[in-house]
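Written out below as structure tokens is the structure these notes cover.
The values are calculated or read from the model by the stated rules, or taken from the named source; none is laboratory data. Computed from a predicted model, the values in this text were never measured in an experiment. Note that we place each Cβ from the backbone using ideal geometry, even for glycine, and neighbour counts take in every protein chain shown. Heads up: the accessible areas ignore ligands, DNA and RNA and are worked out on the full protein's heavy atoms, side chains in. Shrake-Rupley method; radii C 1.70, N 1.55, O 1.52, S 1.80 Å.
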Amino acid sequence: MIQHPDAKVFIVDDDAGVRDALAWLLRTRRLLSERYDSADAFLAEIARWSSEPSVPCCLLLDVRMPGTSGLALFEQLLALPWQAAMPVIFLSGHADVPTAVDAVKRGAFDFCEKPFSDNALVDRVEQALAQSAQVQEGLRAQRSVQQRLDGLTERERDVMDLVIAGLPNKLVADRLNISVRTVEVHRARVFDKMGVKSAVELANALRQLGAR
């Protein structure tokens, strides 16, 4: 599976032996990793980020740890608007399986029961990284659409809303009490600023953004 060369796997586990073994395993697939010995240490790291991760990433997270547990960390991550850009794979002991399954239902990418199959785990990591890349691409596209939308004037937004609603230029002109020619000019500017060639493309872009 082809990955971004800077894709990164975050490992959060209080057992140094587990952290080292996982890092070594990931290196066999040429995957970069960063290790943290507690949930609090990882929370301190992401607190320094100004936005979502800039490269595809995922989190290998132990369920049970001293202090803040993996599940408590997961709860805090779920509150982040970009959490889907960093899929979480829980590492659980047998007794934690029901809890880990419940976490998957609530948004975790997967869980791997200890002792896990090395190949199966790294396969899931690569799939999580692929999902992360897809989500991050979507977030970047949303930001691009939002920036273009913010560049429209109030009148252009008015025209855009009616065009999206399917009204022909004559009815748009009547609704806004302007000339058809003025509608045509505003419509052309909207399409140009939004980087689309049709009302259908425009509607699709706004639907992706969630604005419509």
Handout entry: Selection status of Gln142, open to solvent by 70 Å² or more (accessible area, probe 1.4 Å) and either part of a helix (DSSP H, G or I) or under 18 Å from Phe10 (Cα atoms) (or both)
Key = no
Handout entry: Failed criterion for Arg35 (all others in (1) open to solvent by 70 Å² or more (accessible area, probe 1.4 Å); (2) without any contact (Cβ under 8 Å) to a residue 24 or more places away in the chain hold)
Key = (2)
Fill in the blank from the handout: Over region 60-97, the set of residues of a type in the set (Gly, Ala, Ser), modelled with pLDDT of 90 or more, farther than 14 Å from Phe42 by Cα and part of a helix (DSSP H, G or I) is Ala84, Ala85
Exercise for the section: With respect to Ala130, determine if the residue is outside any helix (DSSP H, G or I) and within 30 Å of Arg30 (Cα to Cα). Expected result: no
Exercise for the section: Determine which single condition Ser50 fails, assuming it passes every other condition in (1) open to solvent by less than 10 Å² (accessible area, probe 1.4 Å); (2) farther than 18 Å from Ala23 by Cβ. Expected result: (1)
Fill in the blank from the handout: Residue pairs qualifying under the 9 Å Cβ cut-off, at least six apart or on distinct chains, with the first in region 121-149 being of a type in the set (S, T, N, Q) and the second being part of a helix (DSSP H, G or I) and open to solvent by 50 Å² or more (accessible area, probe 1.4 Å), are Gln131/Ala84; Ser132/Ala84; Gln142/Gln208
Problem - Test: Ala44 is hydrophobic (A, V, I, L, M, F, W, C), in contact (Cβ under 8 Å) with a residue 12 or more places away in the chain and open to solvent by 30 Å² or more (accessible area, probe 1.4 Å) - result: no
